[in-house]
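I have placed the structure first, in the form of structure tokens, so that the comments after it can refer back to it.
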């Protein structure tokens, strides 16, 4: 039976956004940001874009903490649209907060954490800022972290004990049940995470949802592969080609989930809705 790990955004959210698991979330954030966090509030994931004619954006996690606003995205693949989409998410959050009140201020830190799989990079993580070629920051209160999750899987596979010890919170998100049992013997937070993940994998409703999502994803990937073989991949990316619109319309006719169509084609929900 397949074991759904923290690599799956649904599993990640079910555990990390559960109020009773704030200690696990705190463990993860403090490991990533290397700073003590005293307070975490889990906010609603649906973002109001400020236009009644446009549907909201759903982020994986949005938190208010004593160190600022933190948004988390689990990126299971390195598709061309991931960075622009996630930049749009954090920009939306930044602009909504900045426009509140009577003055423009940089008092509140805005942090986006990307837990990314499939990126071709030898570094464990990168931190991005808005700055010029000399490193002078345009604004001081925006940081984007991108963690190379395959790197943390490799340090486990290669038994890099010291790196594993320092990065348990990230390593655990990659691990299957048997490996989690080994790591959990060395840390109480990892042990609780493992128990929560076990409980989730034993939940029939969760497994039914994941099976459905995987089936939808496979159907969608098959259609995209066929489109690529037909030489129209470029059209899919800009959404302008008539044939590509027909493909998306066929996906809708097959009752593919609109959020998955958006996730795997890079088209916005608003663009997809317009093709109905």
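The values are calculated or read from the model by the stated rules, or taken from the named source; none is laboratory data. These numbers come from a predicted model, not from an experiment. In this analysis, Cβ positions are derived from the backbone assuming ideal geometry, glycine residues included, and neighbour counts consider all displayed protein chains.
Some notes on this structure:
- In the range 126-207, counting only helices (runs of 4 or more DSSP H) that sit wholly within it, the ones holding 1 or more residues that are over 18 Å from residue 25 (Cβ atoms) span 149-157, 161-166, 177-184, 188-201.
- Residues of the range 18-34 include none that is in a loop (DSSP other than H, G, I, E, B) and touching a helix residue (DSSP H, G or I) at 6+ places or on another chain (Cβ under 6 Å).
- Matching entry among 15, 72 (being modelled with pLDDT of 95 or more, out of contact with any helix residue (DSSP H, G or I) (no Cβ under 7 Å at 6 or more places or on another chain), in the same structural domain as residue 119 (by TED's automatic domain parsing) and closer than 30 Å to residue 267 by Cβ): 72
- Where residue 56 falls short, out of the listed (1) touching a helix residue (DSSP H, G or I) at 6+ places or on another chain (Cβ under 7 Å); (2) modelled with pLDDT under 85; (3) under 23 Å from residue 9 (Cβ atoms): (1)
So that you can scan it fast, the table gives a plain yes or no per residue for (1) in contact with a strand residue (DSSP E or B) (Cβ under 7 Å, 6 or more places away or on another chain); (2) under 21 Å from residue 12 (Cβ atoms):
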position	(1), (2)
99	no, no
105	no, no
112	yes, yes
126	yes, yes
149	yes, yes
155	no, yes
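- Residues considered: 42, 32, 37. Of these, the only one that is under 24 Å from residue 165 (Cβ atoms) and within 17 Å of the chain's Cα centre (by Cα) is 32.
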